[in-house]
Amino acid sequence: MELRQIGSSNVRPTPIVFGAWAIGGWLWGGTHDAQAIEGINAAIDAGINAIDTAPVYGFGHSESVVGEAIRGRRDEVLIFTKCGVRWDLEEGQHHYDTEDAEGNPVRLVRNLSRDNILRECDQSLERLGIEQIDLYQCHWPDATTPIAETMGALTELLDQGLIRAIGVSNFTPEMIEECLRYGPVHCSQPKFSLLTRENYDGVIAWCDEHGIASIVYSPMEQGMLTGKVTVDRAFSAGDQRNTRPWFTRENVVRVNTVIDDAMRPIAQAHDATVAQVTLAWTIAAPGITCALAGSRNAEQARENAGAMQVELSSEEFAAIREAFWQIEGP
């Protein structure tokens, strides 16, 4: 199985990484823990060797589920998690207001202070049931904390052996450049898909030039690029896709037309699904190290892992790019 390098670290994940946001339940209309655990184990069995989670995914729930799933399999899988978004603190930069799975109001803050990072690391290690985090990422920038302080905490954890690599998520090139003044940054995690492309010529290209890995999130645009979202698709209450612009009736029709014309024939030629071709295209794109692929059950996990076996020709890659680059944002 092909492995990818996370910057200058010795962390080497598979091109597809199991994304554990949805299994936290929050903003995804709930979750089923037993199915999630089966999905994680199916992903590992199918060759995926890394899981990406975060404390805020279900307010600790995603990390706890991941920890339960990997019990006894720690040596088979890399664990990526994050810090800096809190639901139980007042101090920090206001992120946004939301609700938990029970509908209770929650105020999220970004806090990348030294004390918070060290505390969060301990909490994540406990929830995950592990002794070392393979990739520890700042989830969002925090304007209330100097980058020097944030990097000081991360390099402290690196020196202590509690983490193996440092990453940032949703940071601009300028922010990452400042981070590099105080320590290593091995990885960036920006949003990218065939529909959301602004980071491709921005932070992804910048990181590629500077030897920093890019693990992209939402490559399937929360399911829109699976080819399974129809105009009459109904999402559960509490599912964020009910209010996302790409999921309006007009945009579903627009995207599915391009999928049917440009991508489905390629999928059929490879005996693959549309979702697999979407992921295969993403991990073949220059500058992209890995792609996060969320799964809620074993079937989805195996499908996502199968994308690593799909090899697109240069002509197929170009045809997909050309078709989707003509779609303007919602």
Selection status of residue 279, in a helix (DSSP H, G or I), under 30 Å from residue 35 (Cβ atoms) and either in contact (Cβ under 8 Å) with a residue 40 or more places away in the chain or touching a Ser or Thr at 6+ places or on another chain (Cβ under 9 Å) (or both)
yes
Could you list, in sequence order, all residues of region 46-87 that are part of a loop (DSSP other than H, G, I, E, B) and either under 30 Å from residue 105 (Cβ atoms) or among the polar types (S, T, N, Q) (or both)?
49, 53, 54, 55, 56, 57, 58, 59, 60, 84, 87
Any residue at all in region 152-161 that's modelled with pLDDT of 95 or more and over 17 Å from residue 182 (Cα atoms)?
yes
Among the numbered conditions (1) in a loop (DSSP other than H, G, I, E, B); (2) out of contact with any Cys (no Cβ under 6 Å at 6 or more places or on another chain); (3) surrounded by 15 or more Cβ atoms within 10 Å (Cβ to Cβ), tell me where residue 91 comes up short.
(3)
Which residue pairs have Cβ atoms under 7 Å apart, sit 6 or more places apart or on different chains, and have a first residue in region 118-136 that is free of Cβ contacts under 8 Å to residues at least 24 places away in the same chain and a second that is among the charged types (D, E, K, R) and surrounded by fewer than 21 Cβ atoms within 10 Å (Cβ to Cβ)?
none
Which listed residue is crowded, with 19+ Cβ neighbours inside 10 Å, of a type in the set (Val, Ile, Thr) and either without any contact (Cβ under 8 Å) to a residue 40 or more places away in the chain or in a loop (DSSP other than H, G, I, E, B) (or both), from 185, 216:
185
Quick one: count up the residues across region 188-213 that are in a loop (DSSP other than H, G, I, E, B), of a type in the set (A, V, I, L, M) and farther than 28 Å from residue 259 by Cα.
1
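The values are calculated or read from the model by the stated rules, or taken from the named source; none is laboratory data. As the structure is a prediction and not an experimental result, all values here were calculated from the model. FYI the Cβ positions are ideal-geometry reconstructions off the backbone, even for glycines, and counts take in every protein chain you see.
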